[in-house]
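The values are calculated or read from the model by the stated rules, or taken from the named source; none is laboratory data. Only a predicted model underlies this, so the values are computations on that prediction, with no experimental measurement involved. Cβ coordinates were reconstructed from backbone atoms using ideal geometry, including for glycine residues, and neighbour counts include every protein chain displayed.
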Amino acid sequence: MDKWKTKIWFNIVAPEMFGRAAAGETPANSQKQLIGRRIEMTLGDLMGDPSKHHMKMIFEVNGVSGDTATTKFIAHTITKDYMRSLVKRKTSKVDANAVVETKDGYRLRVKASAYTLKRARRRQIKAIRAIMHEEVVHRAKSLTLNEFIREAVLGKLASDIYRKGKQVYPLRRVEIYKTQVLAEPPKSEVEEEETVVEVEKPAVVETEIPVESVDVETSAT
């Protein structure tokens with residue numbers, strides 16, 4: 001018997017910060033087998049927005065109820081091809097790398113890049129980098145994980161950095177190109193238990209294999 005016909009298909013639900021939107025399907029032999037599975041997809045696929053296909057989201061299954069698997073946010077990155085397209089001759093690229101903690105206790109690594117209109121001087125680059133670092137740390141302290149990731153992924157954080165950074169030297173663009181959860185806040189024993197609700201396994205499931213991982217990189221917080 002074809003092994004795919006004996007598997008159960010589960011609907012993947014995006015984390016709360018993305019409105020628990022449908023994030024595709026994935027097969028498994030049992031509900032418990034899904035816990036901890038990593039799901040990769042582009043933000044463009046998740047939101048139905050082709051302009052965001054350069055952003056890759058990484059989720060992890062943390063609970064299963066019936067045929068629905070819930071997920072938590074792990075990381076987001078921007079493709080290397082897209083990042084390379086932002087680099088122009090006779091301009092400067094300013095990078096910042098910060099480890100921050102959100103208001104609700106999540107520890108994150110955040111990486112950002114700012115691109116100037118023309119070549120900047122060393123002191124200007126240093127000042128812009130300081131603004132980037134300060135803004136990322138400040139926003140993390142004042143926001144929950146859900147709020148911070150939405151601002152980082154959807155552009156508000158980059159926009160705020162751009163607005164302040166251009167006062168030092170004219171900027172062309174700012175990108176938050178990576179966010180990654182390094183550590184979660186302590187949880188009670190009840191919260192730490194994996195949520196699995198068993199359902200009866202069907203004998204045969206006739207359906208095509210869905211794409212579980214979407215990677216738009218051709219060359220990848």
Legend entry - Index of the failed condition, Gly44 passing every other in (1) in a helix (DSSP H, G or I); (2) surrounded by fewer than 18 Cβ atoms within 10 Å (Cβ to Cβ): (2)
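Going by the conditions given, is Val94 more than 30 Å from Ile8 (Cβ to Cβ), surrounded by fewer than 14 Cβ atoms within 10 Å (Cβ to Cβ), of a type in the set (A, V, I, L, M, F, W, C) and over 17 Å from the mean Cα position of the chain (by Cα)? Write out each step before concluding.
Numbers: more than 30 Å from Ile8 (Cβ to Cβ): yes; surrounded by fewer than 14 Cβ atoms within 10 Å (Cβ to Cβ): no; of a type in the set (A, V, I, L, M, F, W, C): yes; over 17 Å from the mean Cα position of the chain (by Cα): yes.
In short, no.
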Inset, instruction - Confirm whether Ile125 is in contact with a Gly (Cβ under 7 Å, 6 or more places away or on another chain), assigned to a helix (DSSP H, G or I), more than 30 Å from Gly24 (Cβ to Cβ) and not hydroxyl-bearing (Ser, Thr, Tyr). - result: no
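Conditions tested, residue by residue: (1) under 21 Å from Ile128 (Cα atoms); (2) assigned to a strand (DSSP E or B); (3) modelled with pLDDT of 95 or more.
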position: Ile58; (1), (2), (3): no, yes, yes
position: Phe73; (1), (2), (3): no, yes, yes
position: Thr91; (1), (2), (3): yes, no, yes
position: Asn97; (1), (2), (3): yes, yes, yes
position: Val100; (1), (2), (3): yes, yes, yes
Inset, instruction - May I ask you to say which residue of Thr26, Thr79, Thr116 is more than 18 Å from Arg150 (Cα to Cα), within 13 Å of the chain's Cα centre (by Cα), hydroxyl-bearing (Ser, Thr, Tyr) and surrounded by 20 or more Cβ atoms within 10 Å (Cβ to Cβ)? - result: Thr79
